[in-house]
Every structure is written in C-alpha cells, then in structure tokens.
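**Student:** The structure's right below; bear with me while I get my questions together.
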Amino acid sequence: GAGVSQSPSNKVTEKGKDVELRCDPISGHTALYWYRQSLGQGLEFLIYFQGNSAPDKSGLPSDRFSAERTGGSVSTLTIQRTQQEDSAVYLCASSLARGAGGSAYNEQFFGPGTRLTVL
Amino acid sequence: AQSVAQPEDQVNVAEGNPLTVKCTYSVSGNPYLFWYVQYPNRGLQFLLKYITGDNLVKGSYGFEAEFNKSQTSFHLKKPSALVSDSALYFCAVTPNRDDKIIFGKGTRLHILP
C-alpha cells in the first residue's frame with residue numbers, strides 16, 4: 001500500500017518568503033508528526049496531531065511556524081518569513097492510534113522528507 | 001521530563017565483530033521503546049520495538065535489543081556487523097500514557113571493512 005508522502009521533495013526559497021510543506025499520511029493513521037533534521041543532526045520534534053485532540057505544539061521553534069491537519073488526514077506545515085537557519089529536511093511521520101492493537105502499535109512510518117533551503 | 005539519551009555520537013566497529021549502540025531513557029511509567037535506522041540518502045525505517053513481554057526483542061536485518069528496566073536502557077545489538085549496517089541509528093521512547101514519541105540525537109555507526 002501507499003506510504004507517507006511529502007511534497008515538494010525539494011524547496012528553495014529566499015529569506016523572508018513563506019513556505020508550505022505538505023504531508024499525506026497513511027490512510028487510517030490518526031497520529032501525525034512533524035520533525036526537523038538539520039544536516040548531520042538528530043531529529044527535532046516540531047508538532048504532533050492525534051485524532052481530534054488539540055495538537056502538541058511544544059516543539060515549534062518560533063511563532064513563524066504553524067501546522068494544520070484538515071479532516072484528520074493531510075497536514076500542512078507553514079513557515080512564515082523564512083530565515084536561513086530554517087534550512088533543513090522536514091520529515092513527516094504517521095502511526096496508528098493508541099489502543100489500535102496489532103503488531104504496528106505506535107510504529108511510526110516516515111515520509112521521504114522535504115529538503116528546504118533558504119537563501 | 002521524558003528524555004532519551006544516546007551517549008555516543010559515533011561508533012566504529014570492524015566488520016564481523018559484534019556491535020552495540022547504547023540508549024538510556026527517562027520516562028514515567030512503563031515505556032515503549034523503539035529503534036529506527038536512517039541509511040545514507042534514505043528515509044527513516046523502523047527496526048524494532050519493545051512494548052511488553054520478553055526483554056530481548058528481535059528486529060529487522062539481524063538486529064536485537066534488550067530492555068533493562070533497572071538500568072533504564074535499551075541497547076541495540078548485532079552479533080556480527082556488516083559494512084551495509086553503516087547508518088544513523090535513533091532510539092525513541094514513548095511513555096505509556098502519551099503517544100508522543102521522543103527521539104534521541106542519533107548515533108552514527110561506521111562498520112569498517
């Protein structure tokens with residue numbers, strides 16, 4: 001079946017511009033995560049959606065970052081007034097809801113990422 | 001606060017030797033623990049997980065990990081390393097009452113031919 005998809009795969013933008021990154025999770029996965037991975041660095045948690053609950057935004061680095069998840073499926077991460085330090089690979093992951101049972105409990109499936117370059 | 005630590009930024013192992021990648025955690029309650037791998041120019045892939053039961057869990061590509069509650073550790077192991085195991089490895093944990101998964105900073109594993 002289809003995995004997690006992200007678009008665009010690469011995005012080059014100028015400092016100060018706004019960008020939108022899209023994530024299509026696996027159908028039926030109610031948990032969705034956004035992470036940021038800078039070159040050679042680990043995963044930095046950004047935001048987490050779980051079903052209809054209020055999202056956990058504790059990882060967003062500034063108020064220039066926001067995310068939405070419409071209809072419990074597709075998610076968009078928006079970065080306003082981009083800065084050079086925003087350059088990174090932005091990863092999206094989805095997983096089954098807690099309590100769904102089965103061997104895939106809480107296993108995250110990652111998309112290929114969007115490489116953002118801010119000039 | 002919940003956290004996970006991977007004390008080694010890099011581990012070098014000769015091909016054919018056993019390998020260990022260390023992970024310790026700090027969470028309230030009973031943790032769910034995971035290992036993920038990121039091969040060069042590829043996305044993150046799930047390797048294995050511990051939810052409950054047998055402390056020794058086996059995963060993909062011949063890897064295994066042992067949950068040690070007293071030492072709050074979940075070290076990744078493989079009896080005989082391959083050059084193709086060279087990658088970035090992430091340990092992750094989620095507390096039993098919260099689905100948010102917390103990742104460690106990663107350990108880069110180099111298998112030397």
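**Student:** For the stretch B:39-113, evaluate the Debye formula with one uniform point scatterer on each Cα (no solvent term) and list log10 I(q)/I(0) at q = 0.14 Å⁻¹, rounded to two decimals.
**Tutor:** Result of the Debye calculation: -0.50.
**Student:** What distance in nm lies between label points placed 7 Å from Cα along the C-beta direction at B:Ser26 and B:Lys100?
**Tutor:** 1.7
**Student:** Something else: Rounded to the nearest 0.05, what FRET efficiency do B:His110 and A:Ala54 have when you use their Cβ-Cβ distance and R0 = 45 Å?
**Tutor:** On the way: r = 42 Å, r/R0 = 0.94.
Taking R0 as 45 Å, the efficiency between B:His110 and A:Ala54 is 0.60.
**Student:** Can you give the Rg and Dmax of chain A based on its C-alpha atoms, in angstrom?
**Tutor:** 14.0, 45
**Student:** Quick one: the Cα spread of the protein assembly as shown along its three principal axes, in angstroms, biggest first?
**Tutor:** Principal-axis extents of the Cα atoms in the protein assembly as shown, largest first: 50, 41, 36 Å.
**Student:** Same structure again: Quick one: Cα convex hull volume of the stretch B:1-53, Å³ per residue? Write down the numbers at each step before the final one.
**Tutor:** Values: hull volume 6.8 nm³, N = 53.
For the stretch B:1-53, the hull spanned by Cα atoms encloses 128 Å³ per residue.
**Student:** Roughly how many Å is it from the Cα centre of the stretch B:12-44 to that of the stretch A:61-88, as a whole number?
**Tutor:** Value for the Cα centre distance between the two parts: 28 Å.
**Student:** What is the gain in length, in nm to one decimal, between B:Asn55 and B:Gln71 on full extension, counting 0.36 nm per residue of separation less the C-alpha to C-alpha distance?
**Tutor:** On the way: separation 16, 0.36 × 16 = 5.76 nm, distance 1.26 nm.
This chain segment gains 4.5 nm when fully extended.
**Student:** Students sometimes get this wrong: rank A:His29, B:His110 by accessible area, probe 1.4 Å, all chains present, largest first.
**Tutor:** Of A:His29, B:His110, the descending order of accessible area is B:His110, A:His29.
**Student:** How much net charge surrounds A:Glu68 when only the other residues with a Cβ under 11 Å from the Cβ of A:Glu68 are counted, with Lys and Arg +1 and Asp and Glu -1?
**Tutor:** Working: positive: A:Arg22, A:Arg69; negative: A:Glu20.
Summing Lys/Arg as +1 and Asp/Glu as -1 gives +1.
**Student:** Further question: Pick from B:Asn41, B:Asn12, B:Asn68: which is most flexible by mean-square fluctuation in a GNM of chain B where alpha carbon atoms under 10 Å apart are linked?
**Tutor:** Of B:Asn41, B:Asn12, B:Asn68, the most mobile in the Gaussian network model is B:Asn41.
**Student:** In Å² (nearest 100), what accessible area is buried between A and B, both sides summed, heavy protein atoms only, 1.4 Å probe? Don't skip to the end; give the middle numbers.
**Tutor:** Numbers: alone 6560 and 6290 Å², together 11190 Å².
Roughly 1700 Å².
**Student:** Solvent-accessible area of B:Arg108, probe 1.4 Å, all protein chains present, reported in Å² to the nearest ten, please.
**Tutor:** Looks like 90 Å² after rounding.
**Student:** Shifting gears a bit: Could you work out what % of the accessible surface of the protein assembly as shown is carbon and sulfur, using a 1.4 angstrom probe and leaving DNA, RNA and ligands out of the count?
**Tutor:** Details: 5190 of 11190 Å².
With neighbouring chains kept in place, the figure for the protein assembly as shown is 46 percent.
**Student:** Taking Rh as the Kirkwood radius computed over C-alpha pairs, what is the Stokes-Einstein D of the stretch A:4-56 at 4 °C in a medium of viscosity 1.567 mPa s, expressed in µm² per second?
**Tutor:** Numbers: Rh = 13.2 Å.
For these conditions, the coefficient is 98 µm²/s.
**Student:** May I ask which of A:Lys17/B:Lys105; B:Lys22/B:Lys105; B:Lys49/B:Lys77; B:Lys22/B:Lys58; B:Lys58/B:Lys78; B:Lys22/B:Lys49 have a Cα-Cα span longer than 19 Å here? Intermediate results must be reported in sequence, preceding the final value.
**Tutor:** On the way: A:Lys17/B:Lys105 30 Å; B:Lys22/B:Lys105 12 Å; B:Lys49/B:Lys77 13 Å; B:Lys22/B:Lys58 16 Å; B:Lys58/B:Lys78 10 Å; B:Lys22/B:Lys49 15 Å.
A:Lys17/B:Lys105, as the Cα separations exceed 19 Å there.
**Student:** Between B:Val83 and A:Leu119, what is the spin-label point distance in nm, taking each point 7 Å from the Cα along the Cα→C-beta axis?
**Tutor:** Label at B:Val83, label at A:Leu119, 3.9 nm between them.
**Student:** Can you pull the Rg over Rh of the stretch B:23-66, Cα-only, Kirkwood? Can you show the working numbers first?
**Tutor:** Working: Rg = 11.9 Å, Rh = 11.7 Å.
Result: Rg/Rh = 1.01.
**Student:** According to a simple spin-label model (label point 7 Å from Cα along Cα-to-Cβ), what is the distance in nm between A:Val12 and A:Thr76?
**Tutor:** Spacing of the two 7 Å Cα→Cβ label points: 2.5 nm.
The values are calculated or read from the model by the stated rules, or taken from the named source; none is laboratory data. Quick caveat: nothing in here was measured; it's all calculated off a predicted structure. All Cβ positions, glycine included, derive from the backbone under ideal geometry; neighbour counts span all protein chains shown. In case anyone asks, the SASA skips ligands and DNA or RNA and just uses the protein heavy atoms, side chains included. Shrake-Rupley method; radii C 1.70, N 1.55, O 1.52, S 1.80 Å.
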